[in-house]
1. According to a simple spin-label model (label point 7 Å from Cα along Cα-to-Cβ), what is the distance in nm between Gln472 and Ser323?
2. Counting pairs of alpha carbon atoms under 8 Å apart in space and at least six apart in sequence, what relative contact order in percent does segment 62-135 give?
3. Set Lys and Arg Cβ to +1 and Asp and Glu Cβ to -1, take the dipole of the chain about its Cα centre, and tell me which of Leu355, Thr75, Val445 lies farthest positive.
4. Considering only protein heavy atoms, with the full assembly of protein chains and a 1.4 angstrom probe, order Ser47, Ser620 by accessible area, largest first.
5. Taking only C-alpha pairs under 8 Å that are 6+ residues apart, what is the relative contact order of segment 134-196 in percent?
6. Accessible area of Ile449, 1.4 Å probe, to the nearest 10 Å²?
7. With the cut-off at 19 Å, tell me which of the pairs Lys426/Lys618; Lys157/Lys189; Lys489/Lys587; Lys489/Lys586; Lys197/Lys222 have Cα atoms farther apart than that.
8. Which entries of Lys588/Lys639; Lys389/Lys469; Lys67/Lys258; Lys25/Lys151 have Cα-Cα distances beyond 21 Å here?
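The values are calculated or read from the model by the stated rules, or taken from the named source; none is laboratory data. Source: prediction; values computed, not measured. We place every Cβ from the backbone using ideal geometry, glycine too, and count neighbours over all the protein chains shown. Each accessible area value is taken on the protein alone, full model and side chains, heavy atoms only, with ligands, DNA and RNA left out. Shrake-Rupley method; radii C 1.70, N 1.55, O 1.52, S 1.80 Å.
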Amino acid sequence: MIYDIAVVTQFVGNDYCDEIIRGIKEFYATRPVRLSILEVRTPEARSSDYEYQYWAALSLTQARSFKAVILISGTFCSDMTSETIVRTMESYFNCPVISVSVDLPFKNSYITQADCLSGIRELLNHIINEHGRKRIGMITSGQTNSDEGQKRFEAYKTVLAENNIPYDESIVFHSNFSQHGTVNVLREKIKSKADIKFDALFCANDFSGFGAVQFLQELGLKIPSDIIIAGYDDCSQAAKVVVPLTTINQNVNHQGYKAAELAYQIACGEKPERLLKVPVRPVYRESCGCRSVDLNSANFVGNVQTEAQKYFDNASYNISYFSLLDKIQSSQTLSEMYSLILRIFSEVNLWDFALCLYKTPIYVERGEKFVLPEEVELAMAFELQQDYKIINPGLTFNPYESILPEGILDIRSNDFIVNSIFFGEKQYGYMMYKPGERTPTFYAVYMKIVSNAIARSYDFTKSLETQIKLEQENKILQQNNSELNTASKTDELTQLYNRRGFLFLGQQSINLALQMNSNGLVIFGDMDGLKQINDNYGHDAGDIAIKAEAEILSKAFRQNDIIGRLGGDEFAIVASGMTLSAIKTKKKDISEMCEKWNTETHYPFKLSISLGAAEFNKDSFILQDLLSLADNSQYEEKKAKHAARE
């Protein structure tokens, strides 16, 4: 029995999220679980015009194969309130939800959470008792919606009260979890050293701590002799900055591990406790006056080696990016793209991959909910180390049952990143891949380049298919043209299309033009004075005038224009690509051709025709309606001619 479990994260490549995911993977390493990690950002994300499109991946959690969803909720709370998270996500979750960090009131929810109070208590007691600081201010996350940040603020006030230190709002600064935001808040409140009323600052996260250190050093203060700074999170940079930051390690790896354990217990039919608290621990470094690393120790040497390795890794990653961009062409078909993927993925240790495409792109505007289609096509899948690959299998499946068809990507590859494939406002499908040994950030960037290339290849392929289809339809149109002639759908007198033939081929011509993104004109013509010719000179003379006008119209218009005699003295033309601005010149040409015929033939009657036009486009394309509009236009011209003669 293999269990499908989803992980929903705002980001891949974020230290906090990646450490939680690492803990989740550790638990499932030896268990029969296929893990799908979905990066969804937020529905109102605005760091780029189309970042909101990542949210579409959340719809995949509706698959009935998922036994549980692990939600890395802490990152979402910087941008969304708990109520908003539940409101926007709950409809997607058809199984129990294990929230990492924030207690969210989903219908069937569990939580793993850092015991922040115990950690903050130990840290602040250390600052008070070991370093003798009593005026402890705080940089909060008050400018965000973070429940986690609020809990840290409440814990700070609780520990102050436990130590009989009065809470002082004047030394509390509300920021937004960022270094830049913290610097700005402090600059607004503190203009000189004389404005500083605290001897220590506890910060809601490490980046706020970095901002506090930056600002206070700019002010000429020394850390920690003048001011002690402490953060929260123990991010990767905390030990590497110029003044290593005292902080709280909230054991996020273990939070992920325990969340995975809860999800597995649920999948196996067990009923675990709803809340699981994970202990945290302070990490004391130079920013509070404690020594963190012996520069001669093996740890320091290891850090130097790690940084050197990162330098060379970054150089290697850049080479991979440029190599990928060189290989991707602007006009590749999907088949060519599939072949390229098979060649290049092994270069970056991507061995397992599946690509699922929608039958047609789905347009999603900002603020609009994406609706997952009920049928998806498996375009390709492979496990290169097992020499297993399928391309264009023509296999369709229902993603509401499972996000992959049965038997695709087996248990040997038990954790996958799942990304929506989108470009601009269009959603094309999704892809799943097992990341290799490189960093999550590398694969996030690399696969975004691949995703965009797949989207372009999809559009290019569909464009080629449409072109081929239009060419086939054009051939059919030509065949129909021929068949119409042989089936007596021509006017016997003029050899133009009769009404039936014109209406049939004229409408087809309009449809074909619109499929090729082209507009055009429907022109209605009514001969001037045909009744008088018939009355005064007989119907034979009238027939001569009608045939002459038909010949003039045939010469005046292009070979691919559809020209017909609707009956009596009425003619009509469908002219694709012609604009209303060109009709005045066309009328002048036809008038001159009529005058030339009158001069050269010496008949006792004059040849003349009144013309009106109506434009066809994607909003107006019914030939019968367009003929009525063009007839009205023609009638106005005929009235003007009568008025001029009078």
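1. Result for the modelled spin labels: 4.0 nm.
2. Details: 71 pairs, mean separation 20.0, N = 74.
Over segment 62-135, the number comes to 27 percent.
3. Thr75
4. Sorted by accessible area, descending: Ser47, Ser620.
5. Values: 52 pairs, mean separation 24.7, N = 63.
So the answer I get is 39 percent.
6. Looks like 30 Å² after rounding.
7. Values: Lys426/Lys618 21 Å; Lys157/Lys189 21 Å; Lys489/Lys587 27 Å; Lys489/Lys586 27 Å; Lys197/Lys222 15 Å.
As for pairs spanning more than 19 Å Cα to Cα, those are Lys426/Lys618; Lys157/Lys189; Lys489/Lys587; Lys489/Lys586.
8. The pairs that break the limit, which is 21 Å between Cα atoms, are Lys389/Lys469; Lys25/Lys151.
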